[in-house]
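Readers should treat all values here as calculations from the given coordinates under stated rules, not as data from a laboratory. Just so it is clear, the model here is predicted, and its values are computed rather than measured. A quick note on method: Cβ atoms are made from the backbone with ideal geometry, for glycine too, and the neighbour counts reach across all protein chains shown.
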Amino acid sequence: MLSQSSNSDGLIRKEQQQIKERISKLNAVIAQYENNLGFFSNTKNMGSLLKDVEDNLNRSKEEMEVLKKKLKMLTEAGSAVVKVN
């Protein structure tokens, strides 16, 4: 849809920037979860909290992969728009 818009180049760049910002924030979140795991793994009786952190970490990593795929698709769409114009 973006590539068919009259302002497709600008829209694609805006979407790419938003995804890059989200990826950057997710990198920080993932680093924090991994840091927390280091503390929790050395503490007894942290079973449910440790599981929550592991679940959040896995969800964040999955979201990161989805965002990377979207960014790749937008990059390819942006290249196609440039070639057409």
Once you put a point 7 Å from the Cα of Gln32 and another 7 Å from the Cα of Lys69, both along the Cβ direction, what distance in nm separates them? 2.6
If you compute log10 I(q)/I(0) by the Debye sum over Cα atoms at q = 0.19, 0.20, 0.27 Å⁻¹ for the structure shown, which of (1) -0.91, -0.95, -1.22; (2) -0.83, -0.93, -1.69; (3) -0.81, -0.85, -1.19 do you land on? (3)
Estimated 222 nm signal from helices in the chain, with DSSP H stretches of n ≥ 4 weighted -39500 (n - 2.57), rounded to 500: -31000 deg cm²/dmol
Size of charge dipole - the chain - debye, nearest 20, with Cβ of Lys, Arg +1 and Asp, Glu -1, no other charges: 200
By the mean-Cβ-within-10 Å protection proxy, highest first, 55-62, 8-15 rank as 8-15, 55-62
